[in-house]
Structures are given as C-alpha cells and as structure tokens.
Amino acid sequence: MWAVFAEAVKFPDAQRCDDICSGRFVEDLRSALGQWDPFVLTAVDWDALAKAGRADALPVDYTSLFDGGAGGRCPLNGGPLHRVPMAAMEEVVRFYAHFGMTLAEDAPETPDHLSVELEFVACLAYGEADLEARGESGMHYARARRDFIARHPLRTVSHACRQLADVSAAPFYGALLTLLDRCLRTDLDRLEAVHGTATIG
C-alpha cells in the first residue's frame, strides 16, 4: 500500500498520468487498502480519485500545488516544515542508513521528499513482515516505522491537507492526501498501541 502511495505522490510523468486517468491506479489502491484494512475502504472519496481529469492537466496541478521551486503552496519536501530544515534532512538520511538504504545519486527527489519517505515506510513494513514470517521479532522495524511516520511523512501530509482544504481545482490530489493522512494516522495509532508513544525529536 505504501508503495502505491509513493508512486502517486511523484511527479506525474506520462506513465503515471495514464495509470491515474485510466483507473489503474484506483484499482491498485483499492486492492492494497483492502488487504491492509478493509474498513478504510468505507470512507474513501473514490469519485474524486477516479475523476482525475485530463492527463495533460495532472502535471500542471502537481506543479502548482507541490513544486516549491515553482511557488507551489504545499511542497512535498518535509525539511522546511521543521525548525532546522537541514537537521531534519540529516535525520531522514540517518534513518535510511541505519537500515542499509541510500538514495541513488541520480534520484530525481531529495531524501526528504514524501515519495522517498513513503518508499522507506514500505521497506520497513516489509522488513517487519519478513522477519515475523520467519518466526523472528520485527520489533525494531515496527518501532522505527512508528517514529519515522510521526516525525516525517505524517507531518508533511498533515500540512499539505491543511493547505489544500480550500482548493477545489485539483480534487484528485486533495482526496489522495486526505486518504494518505488517514492511513498514516491509522498505522501510527496501531503501532503506538503496541510499542508505546512515538519518540518525536
């Protein structure tokens, strides 16, 4: 599920536009959510997600909303939302390094971009599930996911949702981020119920 969200918050190139406008993205997301938590399916604005508009409009919407360099109102880079942006960036990189992960040198996004952070959340969820399937404890993956969600992607998504609350021109992205916010909060609540409150630096 997190990997599906990660793809959706990247810049919509031709392939992503086709996936979104053809309905393939909605099908993939519905399937992933159904496996993760069928209850979440009951409160999703599927109409907004399905009516993404013309493929050539998605890149324009994305840039106007999320591209900080182009004056977007809610950039998807989390660093600027922290009191010390560079320190937040360094912390994200430390999280990645602790689990043996690095960003490719030719990666189009910085380490604090929401798409990269969600890919990391997906890796942590997979790592936990893989260990537990082998009868081992995945607790350190779960606790890392708890803290990382609270300190990074949830902060970015919650800020974006507040900024988009009065935006009606891009219903696809509004619905997408509202759903992502709910999923992040649901996952965090579950993790905190088992492993205690997240550590927020």
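The values are calculated or read from the model by the stated rules, or taken from the named source; none is laboratory data. Everything numeric here is computed off the predicted structure, so don't read it as measured data. Neighbour counts are summed over all protein chains in view; Cβ atoms, including those assigned to glycine, are modelled from backbone coordinates with ideal geometry. These accessible areas exclude ligands, DNA and RNA; they are computed on the full protein's heavy atoms, side chains included. Shrake-Rupley method; radii C 1.70, N 1.55, O 1.52, S 1.80 Å.
Quick notes on this one:
- For the chain, the longest principal axis of the alpha carbon atoms and the long axis of helix 171-195 meet at an angle near 10°.
- With Cα atoms, 0 to 90° folded angle of helix 139-151 axis to the chain main axis: 40 degrees
- Summed over qualifying helices (DSSP H, 4 residues or more, each -39500 (n - 2.57)) and divided by its residue number, the chain shows a 222 nm mean residue ellipticity of -20000 deg cm²/dmol.
- Gyration tensor verdict on the stretch 56-120 (Cα atoms; rounded if a/c is under 1.5, prolate if a/b is larger than b/c, oblate otherwise): oblate
- Cα-centred dipole magnitude for the stretch 136-201, charges only on beta-carbon of K, R (+1) and D, E (-1), debye, nearest 20: 80 debye
- Accessible surface of the chain, 1.4 Å probe: 54 percent of it comes from carbon and sulfur atoms.
- Rolling a 1.4 Å probe across all protein chains gives LEU81 an accessible area of roughly 60 Å².
- Positive-pole candidate from PRO108, ALA160, PHE172, dipole of the stretch 62-201, charges at beta carbon: ALA160
- Cβ-placed point charges (K, R +1; D, E -1), dipole of the chain about Cα centre in debye, nearest 20: 540 debye
- Note on the stretch 90-111 and the stretch 1-76: Cα centroid distance 23 Å, given to the nearest whole angstrom.
- Dipole orientation for the chain: of the candidates VAL93, THR199, ALA142, THR199 has the Cα lying most toward the positive pole (charges on Cβ; Lys, Arg +1; Asp, Glu -1).
- Estimated vicinal HN-Hα couplings, Hz - the stretch 26-43 in sequence order (Karplus 6.51, -1.76, 1.60; Gly, Pro = x): 4, 4, 5, 5, 4, 5, 5, 5, x, 6, 7, 7, x, 4, 4, 4, 6, 10
- In the complete set of protein chains, residue-level accessible area for VAL93 is approximately 70 Å², probe 1.4 angstrom.
- The per residue volume of the convex hull around the alpha-carbon atoms of the stretch 41-182 is 143 Å³.
- Residues of the chain: accessible area per residue with a 1.4 Å probe, Å²: 50 Å²
- In the stretch 34-140, trypsin sites (Lys or Arg not before Pro) in a DSSP loop with at most 11 other beta-carbon atoms within 10 Å: ARG54, ARG83, ARG134
- When you filter the GluC sites (Glu not before Pro) in the stretch 74-166 for DSSP loop state and at most 12 other Cβ atoms inside 10 Å of their Cβ, you are left with GLU105, GLU136.
- Cα centre as origin, Lys/Arg/Asp/Glu Cβ charges: the stretch 1-93 dipole, Debye: 180 debye
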